[in-house]
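The values are calculated or read from the model by the stated rules, or taken from the named source; none is laboratory data. Bear in mind the structure is a predicted one, so any value in this text is a computation, not a measurement. So basically every Cβ, Gly included, is an ideal-geometry build from the backbone, and we count neighbours across all protein chains shown.
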Amino acid sequence: MKSKGHIPVERNLSSSERTLLQWLLMHGSTDASKYMSQIDSLRIVSKCGCGCPTVDFALQSGRKVGGSDIVAEAGGKSPEGISVGVILHVRDDELSELEVYSTEGLDVPFSLPTPDSLEALPL
Ligand SMILES: [Zn+2]
């Protein structure tokens, strides 16, 4: 939920974020796999402030803004048992945002979906 604003952070990907990104790129659009090589260089530069695990990425330079292309979309379940949707955004050919939302619109904190719960959605 972007309405509550994104909070600046500076950290590397967690192992669960990395695993999810790899899964999405393997199950995404036909050219999604070309972004696989960016994963090692990605940093997380901001996160959603609402308690969901949505994060924004940057490569060497700053975070890209503006319109995005969606390269992968999936549904799954968080460890808390919440049904979530995941959307992977690319901007200017760089992985840019991992958007995670409650499909039921629940306004409670939750974590990334577990890998074995994921199902790719058609783009
Ligand atoms: Zn949020």
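Summary of computed values
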| quantity | calculated |
| --- | --- |
| Residue under evaluation residue 31, criteria (1) of a type outside the set (Val, Ile, Thr); (2) over 15 Å from the mean Cα position of the chain (by Cα); (3) under 20 Å from residue 5 (Cα atoms), criterion not met | (3) |
| Matching residues in region 1-29 - criterion: being modelled with pLDDT of 95 or more and assigned to a loop (DSSP other than H, G, I, E, B) | 13, 14, 27, 28, 29 |
| Those residues of region 103-121 which are within 14 Å of residue 76 (Cα to Cα) and in contact (Cβ under 8 Å) with a residue 24 or more places away in the chain, in sequence order | 103, 110, 111, 112, 113, 114, 115, 117, 118, 119, 120, 121 |
| Selected residue (only one of 71, 86 is within 15 Å of the ligand (Cβ to nearest atom), β-branched (Val, Ile, Thr), in a strand (DSSP E or B) and under 18 Å from residue 35 (Cα atoms)) | 86 |
| Tabulated pairs, region 47-67, first within 7 Å of the ligand (Cβ to nearest atom), second assigned to a loop (DSSP other than H, G, I, E, B) and hydrophobic (A, V, I, L, M, F, W, C), C-beta under 7 angstrom, 6+ apart or interchain | 48/1; 50/1; 51/108; 52/1; 52/110 |
| Selection from region 33-65 of residues that are closer than 25 Å to residue 82 by Cβ, hydrophobic (A, V, I, L, M, F, W, C) and outside any loop (DSSP other than H, G, I, E, B) | 44, 48, 55, 57 |
| Scan of region 1-40 for residues that are touching a strand residue (DSSP E or B) at 6+ places or on another chain (Cβ under 6 Å), surrounded by 13 or more Cβ atoms within 10 Å (Cβ to Cβ) and of a type in the set (A, V, I, L, M, F, W, C), ordered by number | 24, 32 |
| Among residues of region 74-83, those that are buried (at least 18 other Cβ atoms within 10 Å of the Cβ) and assigned to a strand (DSSP E or B), counted | 2 |
| Members of region 30-46 found to be away from the ligand (no atom under 16 Å from the Cβ), touching a residue at least 24 places away in the same chain (Cβ under 8 Å) and polar (S, T, N, Q), listed by number | 38 |
